[in-house]
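Data block below; observations after.
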Amino acid sequence: MKQKALTHFAVCLNNQGYEASLEIGKLYRVINDEQAQASGLIRIVDESGEDYAFSTQRFYPVELPQNVEEVLLATA
């Protein structure tokens, strides 16, 4: 998965090994991290509220309507 720089959210498709940190089907906030992307990783704010790098294969980037994205980013 190649992450666009403007992708702010992704849905979890695989939480194997990270069941306490990730929920399948849940929308997660993406933190832009070029170093992680270069290594095939995506930086996600997980259930703990902290951001961690996970394999991009665990997530699918989601484009949301601008008004929805603004509300979600404002509450983060």
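A short reminder: the numbers here are calculations on the coordinates, not readings from a lab. What you are looking at is a predicted structure, and each value in this text was computed from that prediction instead of being measured. Don't worry about glycine lacking a Cβ; one is built from the backbone with ideal geometry, like all the others, and counts go over all protein chains shown.
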*Sort out which residues of region 21-63 are of a type in the set (A, V, I, L, M, F, W, C) and in a helix (DSSP H, G or I), and write them in order of number.*
36, 38
*Given (1) among the polar types (S, T, N, Q); (2) touching a residue at least 24 places away in the same chain (Cβ under 8 Å); (3) in contact with a helix residue (DSSP H, G or I) (Cβ under 9 Å, 6 or more places away or on another chain); (4) surrounded by fewer than 15 Cβ atoms within 10 Å (Cβ to Cβ), number of the condition residue 48 does not satisfy*: (3)
*asked:* Return the residues of region 56-76 that are within 21 Å of residue 16 (Cα to Cα) and over 10 Å from the mean Cα position of the chain (by Cα); say none if nothing qualifies.
replied: 57
_Test: residue in region 20-41 that is of a type in the set (Asp, Glu) and farther than 26 Å from residue 71 by Cα_ = no
